[in-house]
Structures are given as C-alpha cells and as structure tokens.
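These notes concern the structure reproduced below.
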Amino acid sequence: MMTKFDYDLFTIGAGSGGVRASRLAASYGARVGVAEEYRVGGTCVIRGCVPKKFLVYASEYGHGFNDARGYGWTAENIRFDWTKLIENKDDEIDRLNGIYIKNLKNAGAEIFQSRAVLKNKHTVHLEAEGRNVTAEKILIATGGAPWTDENVPGHDLGITSNEAFHLDKLPKHVVVAGGGYIAIEFACIFKGLGCDVCLVYRGEDILRYFDTDVSVQVHSELKRQGIRVITQTTFEKIEDLGGDQKRVHLSSGSHIDTGLVFWAVGRKPSTDGLGLDTAGVEVDKKGAIVVDEYSKTSTDNIFAVGDVTDRVNLTPVAIREGAAFAETEFNNNPSKMDYTFIPKAVFSQPPVGSVGYAEHEARAEFKNIDIYKTNFRAMKNMLTGSEERVLMKLVVDGDTDKVLGCHIVGAEAGEMIQCIAIAVKAGLTKVQFDETVALHPTIAEELVTMKEKFVPNF
Ligand code: NDP
C-alpha cells in the first residue's frame, strides 16, 4: 500500500523497546526507519544490565577465591587485571551490538546513525544527515540517562554508571551516592574487586521500594562484607584535592577522601531537545512522556515505550511495551502490557529477587496477611566460613491462601525468583507451594518447607 510518507513507522532510539517494536512492525510488513544517536542496543546492552552483569561476575570471583580455601583449594599469586576485564567485556558488547544491528536489518528496518528530533507530528529531522524524513507513525524509545545533583558544588567531579564501564583504572576507594539499584550493585561490584567502598544514602532504608526485610538484610550484608553504609546523609560539596583525589563533604559535617565519586541517584527520561512540543507530545513534571495503556501519547500518531515513559523502568518491560505497540498498530491485534507481578532483581552480592507484594503493600490492601519467613546460612558456607545469610519471605493472603509476594536475598535469588514468579502470577496458594516436594539439598527448597506463620510483635 502506498502512503504519502517515507515510512510507516519511524522509531527514535534503538534500545530494547525501540528495537523490539521496530523488528516486529517490519515483520508485519511495515516500512520501518530507526534512528540511534549512540549505539544500537541501548542502555541495557551497551551501558547497563549486560556489562553490569559481567562486572558482577568478575566481582564474585573476588569472594570466590577466598571461599575456595574451605574446600581445600589454594590459589597463589591471585591478581586482578581491570583493563583485561574491560577489554573482554567490550568485545562481547561489540558482538551483541553487531547482532542487534543485523537483526534489525534482517527484519527489513533501515538504521540511521543520527540524533533525531521531531519537526512536527509526521516529520523527523536526522541531524547527522541534515535532512527530514516523514512517517505515518512515530515511536519514541529514547530511554533515560543518569543524572548528578547540580546543586552540589563540584558535582561534575563525580561519575555516573555511564562512565563506570570505561574507567582507566580501578580506584582504591569509592564513595557512592544513592540507595537504589545502581548504588547497591556498584557498591558490591567495587568491593568484590578489592576497593574500599562507602555508600552514602539520604534516607533510612536502602532499597526502600522493596520489602523492609529485604532492605534490612541487604544493609547488613553490605556491612558484613566491609562496605561502609552512611544513612540519612547527603553530599554538601565535592572538592578536587589534585592527583586523582577528591574530598566529599557530607551533610553530617564530616568528610571522606576518595579516588572515585559515583553518583547513583536515579535516572531521568531522555526527552530534552526532542522537539516534543512542536509535535504536541505532552510530558509530565519529570520530563517523562505521558502515554495511555496502548503507549499512545497526546498526539494520536506518536507513541512511546520504555524508560522515556517512566512506567516500570526495566528492560523486559520495555520489550513487552514495544511488542504490544507493534501488535496493536501493525498486526490489528490490540495488546496491552500487563504490569502485575513483574519479577525484579538487584544484582547485589548476595543478590535480591522479588515478585509481588511487599509486606507493607499487602497489609495496606488486604485484611488478613500471613507472613512466612526464614533466615539461615546456606550449606555452601558451612565450609567456606562465610557468615553470608539467606532471607526468604512469603506474603500470603490469609483469606484466599494465595501467595501474593515472594522476596529472597541470597545466592541465585534472581534465578529463583524468575521461576517463582510463574507460580505467584498464576495465583497459586500456600497449600500448593507446600504440596510441592522439596528438592534437597538446595537453597530453594526452603520456599516449600516454611510451615510456621511469622507472628509479628505489634
Ligand atoms: P533508583 O530510583 O533505584 O535509586 C535512586 C536512589 O538515589 C534512591 O536511593 C534515591 O533516594 C536516591 N536519590 C534520589 N535523588 C537524590 C538526591 N538528590 N540526593 C541523594 N540521593 C538521591 O535509581 P537507580 O539510578 O539506582 O536506577 C534507575 C532505575 O533503573 C531503577 O529504578 C530500575 O528501574 C532500573 N535498574 C534496574 C536494575 C535491575 O533490574 N537490576 C539495575 C539498575 C537499574 P530515595 O530512595 O530516598 O528516593
């Protein structure tokens, strides 16, 4: 079918959401153009989840050599080479970047290495090419970016996660600002690689969006491994001491000297300078694009998916939103993203896995809540001597017996929670959990052997 536009769909941003939507739309016969100003793959592949997980694996070996002694191993002359790790990580990221490009091209999409801005509701300007293209539908999938607190003098002496993946050398000492996903994950990465780490968080409970038992457990695990955690404190000023050294002045009046200041105080939707107003696309006060449940913006032919909409900022969510958009608009199959029971993981050491209601959320919504929880040292650590502990918690609706939430802090928590999420999303009951035979000896068997209700003393 001929239209008066150059493309049926033009996508701005080739990250997880944009690529998924573009490939699917192209597979349904749409003529698709995609613009990306940095690298195809987006935050997740290029400077997020994937390279982060490589750093986590590298960091875990730091503890692993120590633990292996209890199992009879002696490892001598252990050295760690940051440059080697970064090179190997970059090779793999290059490979993945290539696959993303190939997949887009194979699907029939045309890729432009350019920043793209809206000129009006059907026109996109490609800056690198100095020309306009037109499209019947436009998808904005520009993601988000980390920010630093510009009110803090010397804030630009600190780095964000973007730079962390390309440091020339590993610092001896790191100060991290924040108490969310990125702060906790990188604090653990740096600690496992041998740095001294201090985490400065403005609130009381780190990971405050998670169940309180999770926050408390992660806090104590950070301290157990020697990460200094300072709460209810912010940065007042960062001072350059010359060489690689910086001095961080804290709101408490004290200061810390460090080789690296790491801002992990959240991410903001990337909407600046996109020309949204010229196309009538509304944003909220955080700058996130406002969309309906079909990811449609305030302009009827423009859509947005992923972190730029600040709904649930996770890769698999962006992918699903992108797929639902393509199904709806290019396959005549109206589809909405289902945001219930999305499993989450924080790749701290030990990691967190969580799905469904936290205890406080469940108590606010349901009349009778039963809690089952256990806290123990895993079998593996009986020989390593590590005091690392595992927390497992089930939040159950006392009226229907449905398991509403499951929260784990412990080795392989992310792997476990992906599987448990199937049961929780399916609405299985605590009795059905109990009817499942334990697999021994595993950590996960505790999920089906928690018999005693926890009795809170309030
Ligand atoms: P988060 O929202 O998780 O955490 C931001 C942290 O910074 C919070 O502790 C917040 O405090 C604190 N903060 C905010 N503003 C300030 C300020 N002005 N001064 C001091 N502290 C401040 O953001 P992240 O950057 O860690 O991660 C961004 C998002 O990316 C996550 O929410 C998640 O959706 C995604 N992500 C997911 C990962 C995964 O799935 N494993 C890994 C990394 C990121 P407070 O708690 O008081 O608000």
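Here are some residues: 15, 72. Which one is more than 16 Å from the ligand (Cβ to nearest atom) and of a type in the set (Gly, Ala, Ser)? Walk me through it before giving the result.
On the way: 15 fails: more than 16 Å from the ligand (Cβ to nearest atom).
Checking each option against the conditions leaves just 72.
Could you list, in sequence order, the residues of segment 93-106 that are in contact (Cβ under 8 Å) with a residue 40 or more places away in the chain and either over 30 Å from residue 28 (Cα atoms) or polar (S, T, N, Q) (or both)? Give the steps one after another, and end with the answer.
Within segment 93-106, the first condition is being in contact (Cβ under 8 Å) with a residue 40 or more places away in the chain, and the residues that meet it are 93, 96-97, 100-101, 103-104.
The answer is 97, 103.
Picking from 342, 408, which residue would you name as being in a strand (DSSP E or B) and within 16 Å of the ligand (Cβ to nearest atom)?
408
Is it the case that residue 318 is surrounded by 17 or more Cβ atoms within 10 Å (Cβ to Cβ), closer than 17 Å to residue 22 by Cβ and within 13 Å of the ligand (Cβ to nearest atom)?
yes
Which of (1) under 30 Å from residue 60 (Cα atoms); (2) without any contact (Cβ under 8 Å) to a residue 24 or more places away in the chain; (3) of a type outside the set (Lys, Arg) does residue 405 not meet, given it meets every other one?
Result: residue 405 fails condition (2) only.
Restricting segment 346-364 to residues that are aliphatic (A, V, I, L, M) and not in a helix (DSSP H, G or I), which is surrounded by the most Cβ atoms within 10 Å (Cβ to Cβ)? It would help to see each step written out before you state the result.
We begin by selecting, within segment 346-364, every residue aliphatic (A, V, I, L, M); these are 346, 352, 355, 358, 362, 364.
After this cut, where a residue has to be not in a helix (DSSP H, G or I) as well, the list is 346, 352, 355, 358.
Values: 346: 24, 352: 28, 355: 24, 358: 21.
Among those residues, the one meeting the criterion is 352.
If the requirement is being surrounded by fewer than 22 Cβ atoms within 10 Å (Cβ to Cβ) and in contact with a Gly (Cβ under 9 Å, 6 or more places away or on another chain), which of these qualifies: 426, 413, 421, 444? Walk me through it before giving the result.
Values: 426 fails: in contact with a Gly (Cβ under 9 Å, 6 or more places away or on another chain); 413 fails: surrounded by fewer than 22 Cβ atoms within 10 Å (Cβ to Cβ); 444 fails: in contact with a Gly (Cβ under 9 Å, 6 or more places away or on another chain).
Result of the check over 426, 413, 421, 444: 421.
So which of 148, 160 ends up being near the ligand (Cβ under 10 Å from one of its atoms), under 24 Å from residue 54 (Cβ atoms) and β-branched (Val, Ile, Thr)? Can you show your working first?
Values: 148 fails: under 24 Å from residue 54 (Cβ atoms).
Exactly one residue qualifies, and that residue is 160.
Determine which single condition residue 265 fails, assuming it passes every other condition in (1) among the β-branched types (Val, Ile, Thr); (2) touching a Lys or Arg at 6+ places or on another chain (Cβ under 9 Å); (3) under 17 Å from residue 178 (Cα atoms); (4) part of a helix (DSSP H, G or I).
Against the list (1) among the β-branched types (Val, Ile, Thr); (2) touching a Lys or Arg at 6+ places or on another chain (Cβ under 9 Å); (3) under 17 Å from residue 178 (Cα atoms); (4) part of a helix (DSSP H, G or I), residue 265 comes up short only on (4).
Among the numbered conditions (1) outside any helix (DSSP H, G or I); (2) buried (at least 24 other Cβ atoms within 10 Å of the Cβ), tell me where residue 187 comes up short.
(1)
Of all residues being polar (S, T, N, Q) and under 16 Å from residue 351 (Cβ atoms) in segment 205-239, which is surrounded by the fewest Cβ atoms within 10 Å (Cβ to Cβ)? Just the residue, please. Quick ask: steps written out before the conclusion?
We begin by selecting, within segment 205-239, every residue polar (S, T, N, Q); these are 212, 215, 217, 220, 225, 231-234.
This time we only want the ones that are under 16 Å from residue 351 (Cβ atoms), so: 215, 217, 220, 225.
Working: 215: 21, 217: 24, 220: 14, 225: 18.
Among those residues, the one meeting the criterion is 220.
Bear in mind that the values in this text are calculations on the coordinates, not laboratory data. Only a predicted model underlies this, so the values are computations on that prediction, with no experimental measurement involved. Methodologically, a virtual Cβ is constructed for each residue, glycine included, from the backbone with ideal geometry; neighbour enumeration extends over all protein chains shown.
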